[in-house]
Amino acid sequence: MDLQQIKYFLALARELHFWNTAGKMNITQSALSRQIQSLENQLGVQLFERNKRNVKLTAAGQFLKEKWEVELSKLEFIHQSARQIQLGESGTITISHPDSISASLMPEILSRISEAFPKLKIKLVQVLYENQQDFLRNYKIDLAITRDINNAKDIQSQKIYTDHLAVVVPEDHPYQTPEDFTKETLASQKFILPTNDEGSSYSDLIQRLFNSLDNAPEAYLQSEFGSSIIALVRKGLGIAILPDSYVFHEIPGIRFIKLPLETDLYVNWRTEDHNPVLSNVLKLIIP
């Protein structure tokens, strides 16, 4: 018994006419009869009662028609899903990203993906800097969007976006413009900064900013999470240096003073990963 025999049976069960069914299935009437007889022999069950004028289902035939129609639909769905996975149209992709672009770049990226591949499932996570490459290598994530330059040979990177650093201050803070951010005024400020991760090009960028002002203030508070830093700034516990993309979070009680210092965003993926889902998504992310 094969799948084609079941399709012949279901077609005849709907038509209850050998000649009409044979025409629709593009085979001869005698070939259809042989297929149905072979199926009955394999099952040991009579499926149709037939005479010269009429064809009708037996009780066993009716039972199998109802069951096989459901199972065949399920099977077709499975086959279609497999084809979509092979084409990169279905499946799951896990993307890590910094908190700073949650309300700016990520909604745009996700909109492109969901519009192009509506059946693709997307899982978003946030991963600490020191874990990003291991998570990629161990297939815990498929893509890592970061502000850090990658130098690993087994991980490929591409720049996708550039924004700026900004001084984040409470709404009533005296800083108004980048010109207010000087060596003299810094001396009296308490800073809430991201954790200084060794080897992080983003941490180095912030340090270069302070070096350009001949000032290296100690962090009063440190956090891995930009949203926490912003909440502390809003509470009046200090000021911060963060990507200006946080402005899209539209948090009241704070101001962003854009600085002329750029911070790049990169998408990173496994060099030897040939998953078609990954390939399709990268085409939508990389400009």
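Within the accessible area of the chain, the carbon and sulfur atoms contribute 50%, probe 1.4 Å, all protein chains present.
Build a GNM of the chain with springs between Cα atoms under 10 Å: which of H17, H97, H274 gets the top mean-square fluctuation? So, out of H17, H97, H274, the one fluctuating most is H17. The alpha carbon centroids of the stretch 49-126 and the stretch 183-212 are separated by 49 Å.
Can you give me the relative contact order of the stretch 1-160 as a percent, contacts being Cα pairs under 8 Å and 6 or more apart? Contact order relative to length: 17 percent. Solvent-accessible surface of the stretch 1-144, taken per residue with a 1.4 Å probe and all protein chains present: 61 Å². Considering only Q158, Q133, Q80, the mean-square fluctuation computed in a Gaussian network model of the chain, springs between alpha carbons under 10 angstrom, is largest for Q80. Above 17 Å, the calculated P(r) of the stretch 184-284 contains 61 percent of its Cα-Cα pairs.
Across K258, K153, K56, mean-square fluctuation computed from a Gaussian network of the chain (C-alpha pairs under 10 Å connected) peaks at K56.
The GluC sites (Glu not before Pro) of the stretch 123-202 that DSSP puts in a loop, and whose beta carbon has at most 15 other beta carbons within 10 Å, are E171, E198. Just check the stretch 7-70 against the gyration tensor rule for me: Cα atoms, a ≥ b ≥ c as the square roots of the eigenvalues, rounded for a/c under 1.5, and otherwise prolate or oblate depending on whether a/b exceeds b/c. It is rounded, given that a/c, with a ≥ b ≥ c, falls under 1.5. The candidate values were (1) 19.8; (2) 20.6; (3) 23.9; the one computed from these coordinates for Kirkwood radius over Cα pairs in Å carries the label (3). Ignoring lysines fewer than eight residues from K74 along the same chain, the ones with Cα atoms less than 25 angstrom from its Cα are K7, K24, K65, K119, K121.
Contact order, relative form, for the chain: 23 percent (alpha carbon pairs under 8 Å, 6 or more residues apart, mean separation divided by residue count). Here is what passes the span test in the chain: the DSSP H helices with alpha carbon length of 30 Å or more along the helix axis and a Kyte-Doolittle mean of -1.0 or above are 59-86. On a per residue basis, the stretch 146-223 carries 57 Å² of accessible surface, using protein heavy atoms and a 1.4 Å probe. Pairwise Cα distances in the stretch 235-286 exceed 16 Å for 62 percent of all pairs.
The values are calculated or read from the model by the stated rules, or taken from the named source; none is laboratory data. Small disclaimer: the values here were computed from a predicted structure and weren't measured. All Cβ positions, even for glycine, are placed from backbone atoms using ideal geometry, and neighbour counts span all protein chains on display. Ligands, DNA and RNA are stripped out before the accessible areas are found, and what is left, the full protein with its side chains, is counted by its heavy atoms. Shrake-Rupley method; radii C 1.70, N 1.55, O 1.52, S 1.80 Å.
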